[in-house]
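The values are calculated or read from the model by the stated rules, or taken from the named source; none is laboratory data. Bear in mind that the values here come from a model prediction, so they are computed numbers and not experimental data. Note that each Cβ is placed from the backbone with ideal geometry, even for glycine, and that neighbours are counted across all protein chains shown.
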Amino acid sequence: MYDFAYQKPGSLAEAVKVLSDDMEAKALAGGQTFIPVLKQRLNKPTIVVDLSKLGLSGISVSGNSVTIGAMTTHAAIASSPEIMAKIPGLQHQASLIGDEAVRHRGTMGGSLANNDPAACYPSALLALGGTIKTDRREIKADDYFQGMFTTALEPGEIITSITLPIPEKSAYEKFRNPASRYAIVGVFVAKFPTGVRLAITGAGQNGVFRHTEMEKALSANFSPDAIAGIVTAADGLNSDIHASAEYRAHLIGVVAKRAVAKAA
């Protein structure tokens, strides 16, 4: 690593000021992506702003939605009775992230801010039609993701919480890399009275995306059979040492049917 200043603000306003005053300052959530990036010298901030003392963790249910503090860990989500009862797909998803050490340090807000194309949470936020709340505004899921490692967040903007509508049914399945446990293909499906939303992570060159053809079929008939004949084109999908675009296209169909079967 190299020299940089370290600050642990005691309030959101203080953290926002530090990040706004210095464009080279970077926020630290759980650090499960950021620390390795620092070690590899891929990011060289002047100041690391630790968000752990801002009181941004916790899970609450109000009406037809669940709100999760940005600094809530994967382990807390995976063990939450409220999440299990209201959005079981999210509880299962959190339990599959990394290993036990990662789950006790990594945070939902940090993952969504980073927007790794193989991360799990982007598929949940997009499939559930959730809302990102920051220190400045609210951003709908359909407007938030803007490409690989790219979001609608402005410089210095801090995610404070995530609000997710409660679906009638939900499930997440992923075909994971056995070493990193990132998704080669991950599918989150959510059924609402108004229809079905289905989001895919790990496969797209531009990150998470919705599969509108599957959504239409599942809105008419929520069963694995409804999407059995849908073929996903390989164009625009990732192709790397882990899986070709054609294999990922095949996996989307397989994993989506598993997710729907679990939810149904």
- Message: Of everything in region 236-264, what is of a type in the set (A, V, I, L, M, F, W, C) and assigned to a loop (DSSP other than H, G, I, E, B)? Give them in sequence order.
- Response: ILE241, ALA243, ALA264
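Please pick out the residue among GLY98, GLY89, GLY109 that is at pLDDT below 95 and either outside the structural domain of PRO36 (by TED's automatic domain parsing) or among the aromatic types (Phe, Trp, Tyr) (or both).
GLY98
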- Message: Looking at GLY89 and the list (1) over 13 Å from LEU164 (Cβ atoms); (2) under 13 Å from the mean Cα position of the chain (by Cα), which single condition is not satisfied?
- Response: (1)
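One line per residue, one yes/no per condition, for (1) more than 21 Å from ARG258 (Cβ to Cβ); (2) of a type in the set (Lys, Arg); (3) in contact (Cβ under 8 Å) with a residue 40 or more places away in the chain:
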{"site": "ALA85", "(1), (2), (3)": "yes, no, no"}
{"site": "PRO88", "(1), (2), (3)": "no, no, yes"}
{"site": "ILE97", "(1), (2), (3)": "no, no, yes"}
{"site": "VAL102", "(1), (2), (3)": "yes, no, yes"}
{"site": "ARG105", "(1), (2), (3)": "yes, yes, yes"}
{"site": "MET108", "(1), (2), (3)": "yes, no, yes"}
{"site": "ASP116", "(1), (2), (3)": "yes, no, yes"}
{"site": "SER123", "(1), (2), (3)": "no, no, yes"}
{"site": "THR134", "(1), (2), (3)": "yes, no, no"}
- Task: Could you tell me which of the residues ALA256, ALA220, ALA233 is of a type in the set (A, V, I, L, M, F, W, C), over 23 Å from the mean Cα position of the chain (by Cα), at pLDDT 95 or above and over 21 Å from GLY147 (Cα atoms)?
- Result: ALA220
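Given the criterion within 18 Å of ARG197 (Cα to Cα) and modelled with pLDDT of 95 or more, identify the matching residue among THR131, THR73, THR67.
THR131
Of the residues ALA171, ALA152, which is within 30 Å of LEU28 (Cβ to Cβ) and touching a Phe, Trp or Tyr at 6+ places or on another chain (Cβ under 8 Å)? So that I can check it myself, show each step before the final result.
Working: ALA171 fails: within 30 Å of LEU28 (Cβ to Cβ).
Of the residues listed, the single one that is within 30 Å of LEU28 (Cβ to Cβ) and touching a Phe, Trp or Tyr at 6+ places or on another chain (Cβ under 8 Å) is ALA152.
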- Find the residue count for region 241-252, including only residues that are over 20 Å from the mean Cα position of the chain (by Cα) and within 14 Å of PHE175 (Cβ to Cβ). 6
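Results for (1) among the basic types (Lys, Arg); (2) in contact with a helix residue (DSSP H, G or I) (Cβ under 9 Å, 6 or more places away or on another chain); (3) under 24 Å from THR163 (Cα atoms), shown as yes or no for each residue.
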{"site": "PRO9", "(1), (2), (3)": "no, yes, no"}
{"site": "LEU12", "(1), (2), (3)": "no, no, yes"}
{"site": "GLU24", "(1), (2), (3)": "no, no, no"}
{"site": "ALA29", "(1), (2), (3)": "no, yes, yes"}
{"site": "LYS39", "(1), (2), (3)": "yes, no, no"}
{"site": "SER57", "(1), (2), (3)": "no, yes, yes"}
{"site": "HIS74", "(1), (2), (3)": "no, yes, yes"}
{"site": "SER79", "(1), (2), (3)": "no, yes, yes"}
- Note on the structure: Of the listed residues (VAL18, VAL48, VAL66), the one being more than 30 Å from VAL187 (Cα to Cα) and in contact with a Leu (Cβ under 8 Å, 6 or more places away or on another chain) is VAL48
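Can you say whether LEU19 is farther than 18 Å from ASP116 by Cβ and of a type outside the set (Asp, Glu), as far as the supplied structure shows? If you could, list the steps in order and put the result at the bottom.
On the way: farther than 18 Å from ASP116 by Cβ: yes; of a type outside the set (Asp, Glu): yes.
So LEU19 fits the description; yes.
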- Message: Show the residue pairs meeting these rules: Cβ distance below 7 Å; 6+ apart or different chains; first residue within region 136-149 and free of Cβ contacts under 8 Å to residues at least 40 places away in the same chain; second residue assigned to a helix (DSSP H, G or I) and surrounded by 12 or more Cβ atoms within 10 Å (Cβ to Cβ).
- Response: ALA141/LEU125; ALA141/LEU126
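Name the single residue that is nearest to THR73 (Cα to Cα) among those in region 1-22 being touching a Ser or Thr at 6+ places or on another chain (Cβ under 9 Å) and part of a loop (DSSP other than H, G, I, E, B).
Taking region 1-22 first, the residues touching a Ser or Thr at 6+ places or on another chain (Cβ under 9 Å) are 4-5, 8, 12, 22.
Now restrict to residues that are part of a loop (DSSP other than H, G, I, E, B): 4, 8, 22.
Numbers: PHE4: 26, LYS8: 18, ASP22: 27 Å.
Out of the qualifying residues, it is LYS8.
Criterion first (modelled with pLDDT under 95 and not basic (Lys, Arg)) does GLN40 satisfy it?
For GLN40, the condition - modelled with pLDDT under 95 and not basic (Lys, Arg) - is met.
Among the candidates GLY30, GLY55, single out the residue that is under 23 Å from the mean Cα position of the chain (by Cα) and buried (at least 19 other Cβ atoms within 10 Å of the Cβ). Before you say what the answer is, go through the steps one by one.
Values: GLY55 fails: buried (at least 19 other Cβ atoms within 10 Å of the Cβ).
Step by step, each of GLY30, GLY55 is checked, and only GLY30 is under 23 Å from the mean Cα position of the chain (by Cα) and buried (at least 19 other Cβ atoms within 10 Å of the Cβ).
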